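Enquirer: Below: one structure in structure tokens.
The values are calculated or read from the model by the stated rules, or taken from the named source; none is laboratory data. All values reported here derive from a predicted model rather than from experimental measurement. Here the Cβ positions follow ideal geometry from the backbone for every residue, glycine too, while neighbour counts run over all protein chains shown.
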Amino acid sequence: MITLTDVHKRYQTAHGGNWVLRGLTLSFPHDRNVAVIGVNGAGKSTLIRLIGGVDTPTRGEIKRDSRVSWPIGLTGGLLDPLTGRQNARFVCRIHGFGEDLAGKIAFVEDFSELGKAFDDPVWTYSAGMRGRLSFSLSLAFEFDIYLVDEVISVGDAAFRIKSRKAFDELAKRAGMVVASHDESIIRNFCHAAIWLRDGQAHWFDSAADALAEYRKSLPA
């Protein structure tokens with residue numbers, strides 16, 4: 001389970017502090033897939049980064065009693081001077097997969113479909129290529145809960161279909177926290193939902209009910 005207690009998050013800007021999240025207290029059970037919905041700027045990606053430990057709360061506490069992934073598809077963690085293969089080797093080693101290193105790297109190379117570019121420096125990659133590498137790295141590891149931030153849209157049409165199939169398999173064996181604007185993804189993958197609005201989190205036991213309330217709040 002992932003538990004947030006009185007979590008606040010503020011980013012400093014040129015015009016002062018901007019509070020994105022205010023006093024979130026909630027739990028994410030790992031037997032339910034939970035959607036995170038809200039308008040652009042509501043704090044969906046911020047919440048995903050906080051849960052994954054990529055960012056830290058300004059105030060409050062986050063506890064995890066299970067293996068939680070980094071946000072799937074996060075490209076900021078790639079090392080630009082290294083090749084795709086070297087990045088895969090580096091990530092595998094820091095996550096303790098030295099014994100199955102060759103198998104993990106082979107999976108990333110095959111799934112990412114980067115071809116010869118897998119041995120080129122990441123700084124030469126397009127945004128789509130970086131996304132495919134990061135996505136493939138995320139799938140190479142077993143977690144109890146996967147964090148997803150609009151990542152199914154990465155790559156071209158064929159890769160998106162492949163990604164969707166991979167998520168079908170993930171959903172059968174692990175929990176997910178999914179931040180997305182795509183209602184079909186939310187309906188297909190998520191049981192419950194959190195609606196972020198004005199820095200607050202509103203929990204719904206039904207993702208469908210959350211989407212209905214969210215749509216009512218949007219301008220006509």
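Enquirer: Limited to region 14-28, what total is found for residues that are farther than 18 Å from R59 by Cβ and surrounded by fewer than 14 Cβ atoms within 10 Å (Cβ to Cβ)?
Expert: Of the residues in region 14-28, 3 are farther than 18 Å from R59 by Cβ and surrounded by fewer than 14 Cβ atoms within 10 Å (Cβ to Cβ).
Enquirer: Among the residues of region 93-107, which ones are modelled with pLDDT of 90 or more and either under 16 Å from L78 (Cβ atoms) or in contact with a Pro (Cβ under 9 Å, 6 or more places away or on another chain) (or both)?
Expert: Of everything in region 93-107, just one residue is modelled with pLDDT of 90 or more and either under 16 Å from L78 (Cβ atoms) or in contact with a Pro (Cβ under 9 Å, 6 or more places away or on another chain) (or both), namely I105.
Enquirer: Of the residues in region 1-13, how many are exposed (fewer than 14 other Cβ atoms within 10 Å of the Cβ) and modelled with pLDDT of 95 or more? First the steps, then the outcome.
Expert: Step one: of region 1-13, the residues exposed (fewer than 14 other Cβ atoms within 10 Å of the Cβ) are 6, 11-13.
The next check asks that each one be modelled with pLDDT of 95 or more; those that pass are 6.
Qualifying residue count for the region: 1.
Enquirer: In region 48-57, is there at least one residue being over 24 Å from S180 (Cβ atoms) and touching a residue at least 60 places away in the same chain (Cβ under 8 Å)?
Expert: No, the conditions are met nowhere in region 48-57.
Enquirer: Any residue that is of a type in the set (A, V, I, L, M), modelled with pLDDT of 95 or more and surrounded by fewer than 20 Cβ atoms within 10 Å (Cβ to Cβ) - is there at least one of those in region 52-62?
Expert: yes
Enquirer: Search region 180-207 for residues being under 17 Å from the mean Cα position of the chain (by Cα) and among the aromatic types (F, W, Y), and hand back the single one that is nearest to W19 (Cα to Cα).
Expert: Filtering first and then ranking leaves W195.
Enquirer: Right, here's the next one. Could you tell me which residue of region 182-197 is modelled with the lowest pLDDT, considering only residues that are touching a strand residue (DSSP E or B) at 6+ places or on another chain (Cβ under 8 Å) and of a type outside the set (A, V, I, L, M)?
Expert: Across region 182-197, the extreme among qualifying residues is F189.
Enquirer: Just checking, does region 108-127 include any residue being at pLDDT below 85, out of contact with any Asp or Glu (no Cβ under 7 Å at 6 or more places or on another chain) and within 22 Å of F90 (Cα to Cα)?
Expert: Taking every residue of region 108-127 in turn, at least one turns out to be at pLDDT below 85, out of contact with any Asp or Glu (no Cβ under 7 Å at 6 or more places or on another chain) and within 22 Å of F90 (Cα to Cα).
Enquirer: Restricting region 11-39 to residues that are among the β-branched types (V, I, T) and assigned to a strand (DSSP E or B), which is farthest from L211 (Cα to Cα)?
Expert: T13
Enquirer: I've got another one for you. Test A42 against the criterion of being under 17 Å from the mean Cα position of the chain (by Cα), part of a strand (DSSP E or B) and not acidic (D, E), and give yes or no.
Expert: It is false that A42 is under 17 Å from the mean Cα position of the chain (by Cα), part of a strand (DSSP E or B) and not acidic (D, E).
Enquirer: If D31 passes every condition in (1) under 30 Å from K216 (Cα atoms); (2) in contact with a strand residue (DSSP E or B) (Cβ under 6 Å, 6 or more places away or on another chain) but one, which one does it miss?
Expert: Every condition holds for D31 apart from (2).
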